[in-house]
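Single-structure report; data block below.
None of the figures in this text is laboratory data; all of them are computed from the coordinates on show. This one's a predicted model, so the numbers in the text were calculated from it and none came from an experiment. Glycine also receives a Cβ, built like all others from the backbone with ideal geometry; neighbour counts cover every protein chain displayed.
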Amino acid sequence: MAARLKKTVVLVGMMGAGKSAIGTGLSKRLGVPFRDSDAEIELAADRTIAEIFERDGEAFFRDRESEVISRLLDGRPAILSTGGGAFLAERNRRMIHERGVSILLKADVELLWNRVKHKTNRPLLRTPNPRATLEAIYAERAPIYAKADLAVQARSEYAISEMVEQVVKAL
Ligand code: S3P
């Protein structure tokens, strides 16, 4: 199976869509390494994403995100989970399109909200009404996410293993 993977598979989609969980499962299923752009950024900066947003600002974070994605796309084929905003920048979409294959993990806003509402690690949702913020981000991003090469639908009743098989089939 690993020999089949010629390009890095880049998982894109909203926070809470399950990119990290499905990415980890896919990497085991396909026998290729798993990479996570947020984790790489945190490692290099020795700070959490929330701290980076707070201290250095979102623009700084987005530049680090582009650098990390570019570096990881230069490596051997892998499964790369990206932060929810990564696919919005044209420069990122271009390099992902040229050097990888993008898969959108789609999920409805109800599912996303149920997964993120008790977490405190998403700086973009630190607003007076985080649910409304999530909905606004979702609406704004949907047309851009639709530019991904392939898409699979996440549902609360699907186990991670089922999602992994859906992605494998889509590849
Ligand atoms: C972001 C999503 C986060 C993280 C950062 C910004 C976004 O990643 O990159 O907080 O813009 O949607 P997850 O999608 O893994 O939560």
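Points worth noting:
- In a fully extended conformation the segment linking Ala59 and Thr133 would gain 24.7 nm over its present Cα-Cα distance, using 0.36 nm per residue.
- Taken over the C-alpha atoms, the range 64-119 has Rg and Dmax values of 13.2, 37 angstrom.
- Of the residues Val168, Gly75, Gly18, the one whose Cα sits farthest towards the positive end of the charge dipole of the chain is Val168 (charges of +1 on Lys and Arg Cβ, -1 on Asp and Glu Cβ, taken about the Cα centre).
- Basic side chains Lys and Arg get +1 at the Cβ, acidic Asp and Glu get -1 at the Cβ, and with that the dipole of the range 2-166 about its Cα centre reaches some 400 debye.
- Helix-only arithmetic for the chain: the sum of -39500 (n - 2.57) across DSSP H runs with n ≥ 4, divided by the residue total, places the mean residue ellipticity at 222 nm at -16500 deg cm²/dmol.
- Global form of the range 115-171, assessed from the alpha-carbon gyration tensor, a/c cut-off 1.5: oblate
- Cα-based shape type of the range 2-166, given that a ≥ b ≥ c are square roots of the gyration tensor eigenvalues and the cut on a/c is 1.5: oblate
- Placing unit charges on each Cβ (+1 for Lys and Arg, -1 for Asp and Glu) gives the range 24-137 a dipole about its Cα centre, and among Gly85, Thr127, Phe60 the Cα reaching farthest toward its positive end belongs to Gly85.
- Modelled spin-label separation between Ala45 and Asp108, with each label point placed 7 Å from Cα along the Cα-to-Cβ direction: 3.4 nm.
- The range 59-153 - Rg over Rh from alpha carbon coordinates, Kirkwood radius: 0.97
- Three-way shape call for the range 35-97 based on the alpha-carbon gyration tensor, with the a/c threshold at 1.5: oblate
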